[in-house]
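This report concerns only the one structure given below.
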Amino acid sequence: MKPTSLREAAAPTPPGTGPRARRLITDGVGVVARLALGAVLLVAGYLKLVDLDGSVRSVVAYDLFDYEIAKFIGLTLPVVEVAVGALLVLGLFTRAAGLVGASLMVVFIAGVASAWARGLSIDCGCFGTGGPVAPGATRYLEEIVRDVGLAVAGGWLVLRPRTPLSLDALLTRHPHHERTD
Amino acid sequence: MGLIGAVTAVLVAIVAVVVYLASRGDGLDAAGGANALAEGGGLVVNPDAGNVPEVIVYEDFQCPFCGQLEQTSGPQIVEAAQEGDIKLTYIFMSFLDGASGNQSSSRAANAAVCSADAGVLPDFVLEVFEDQPQEGVGYEDEAFLEAAESAGVEGEQLEQFTTCVQEQEYQGYVQDMAERSSQDGVTSTPTITVDGEALGQQQMQQLLSDPSAFDSVLAESQ
């Protein structure tokens, strides 16, 4: 046995390691994951909804789809983003919303990576301002890192969908949360 | 819970489809006046050009680099068309409409279609870009009328032009040009294609900085 775990075992309730403290941390991570992914999706979707032509152009700029398909994606994606974002912020159907959110992020990462690999110079259009940029002004790595973080947040919610301050908790009254009082 | 979840998912799908159906437009069938190609294909400067390279210029009247391009290389491009070395077409986009409070991009694009009816398209385009306001300030109708007068429109034709500008007669065609640009895969301005191939960053840079670059850029890209 390693000396560290021996010390832990010796102390009855060392700060930060008891079941209550651990639950506080996982609860906190859950809320942060939900609000972060939810808020980003909500804002990104809203900014596209107010400029749908721009949203379509952003998809066209990836040069991956036929125009009609790009148009369909550009017009429907913002609705999905807003809906999933709102569900996450409210904490309703958290597991399903987290799954869709994480899946969206994986698709976005693939799209940005493909633009990068093909040497395109575009903005990801994540927040409605897509299209070509100057060759030195691309921010692919930054965009991918952000989306990986958000995908992880979504993944966390799939594994641990139960978070405080959520409609899910309110509607199902899980004993887990009643006991915390 | 499961039932509400399913209902929510279906609702989201329905809203998405409604947004799609409501915004996808109704085809590119608006009429565009003199020398306007069908399906938002733009305004041709010299329709009777022979078997020469086809140059399409995609611009938004509010885009600053379009102004720089026109002020630098515009005259040479128009000259090449007038001498029959190229077939020149303008497609005016209007995605910068949001940058000004008064839909300046699409109003300017509409005025350009009106100017083609008056037979002065290339001069009108050069004149408007000559006095391009700062991005976000936008154009007043007055600017289009002055540009048309400078291009030589007068009398009854000027009256027709004025009505055409004020009534935004070609609003539908302006929307079609915007959609056509996206269909052509053009997502930023200025973009120039020669026989369907977009000029590269470096060639555009030359046109933006060197007033005599067009002939050599054209020769390179064939």
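The values are calculated or read from the model by the stated rules, or taken from the named source; none is laboratory data. All of these numbers come straight from a predicted model, not from anything done at the bench. A quick note on method: Cβ atoms are made from the backbone with ideal geometry, for glycine too, and the neighbour counts reach across all protein chains shown.
What number goes with the only condition from (1) surrounded by fewer than 19 Cβ atoms within 10 Å (Cβ to Cβ); (2) modelled with pLDDT under 95 that residue A:138 does not pass?
(1)
Does residue B:60 satisfy the condition of being charged (D, E, K, R), over 30 Å from residue A:173 (Cα atoms) and more than 13 Å from the chain's Cα centre (by Cα)?
The answer is no for residue B:60.
Inside region A:122-149, can you point out the residues that are farther than 30 Å from residue A:27 by Cβ, among the aliphatic types (A, V, I, L, M) and more than 14 Å from chain B (Cβ to nearest Cβ)?
Residue satisfying the conditions is A:141 alone.
Among the numbered criteria (1) touching a Ser or Thr at 6+ places or on another chain (Cβ under 7 Å); (2) modelled with pLDDT of 95 or more, which single criterion is violated by residue B:96?
Every listed condition holds for residue B:96 apart from (2).
For the structure I just gave you, tell me whether residue A:68 is part of a helix (DSSP H, G or I), within 11 Å of chain B (Cβ to nearest Cβ), acidic (Asp, Glu) and surrounded by fewer than 21 Cβ atoms within 10 Å (Cβ to Cβ).
When the stated conditions are applied, residue A:68 passes them.
Mind listing whichever residues of region A:42-67 are among the aliphatic types (A, V, I, L, M) and out of contact with any strand residue (DSSP E or B) (no Cβ under 9 Å at 6 or more places or on another chain)?
Hits for region A:42-67 are A:42, A:43, A:44, A:47, A:49, A:50, A:52, A:56, A:59, A:64.
Checking the structure you have, find out if any residue of region A:101-121 is among the β-branched types (Val, Ile, Thr) and within 12 Å of chain B (Cβ to nearest Cβ).
The answer is no, given that none of the residues of region A:101-121 is among the β-branched types (Val, Ile, Thr) and within 12 Å of chain B (Cβ to nearest Cβ).
What number of residues in region A:109-149 are in contact (Cβ under 8 Å) with a residue 12 or more places away in the chain, closer than 17 Å to residue B:201 by Cβ and among the small types (Gly, Ala, Ser)?
The total comes to 5.
Counting only residues that are more than 26 Å from residue B:107 (Cα to Cα) and of a type outside the set (D, E, K, R), which one in region B:50-65 is modelled with the lowest pLDDT?
By that ranking, first place goes to B:50.
Of everything in region A:46-62, what is assigned to a helix (DSSP H, G or I) and more than 7 Å from chain B (Cβ to nearest Cβ)? Give them in sequence order.
A:46, A:47, A:48, A:49, A:55, A:58, A:59
Scan A:106, A:59 and give me the residue that is within 29 Å of residue B:174 (Cβ to Cβ), among the β-branched types (Val, Ile, Thr) and in contact (Cβ under 8 Å) with a residue 24 or more places away in the chain.
Result of the check over A:106, A:59: A:59.
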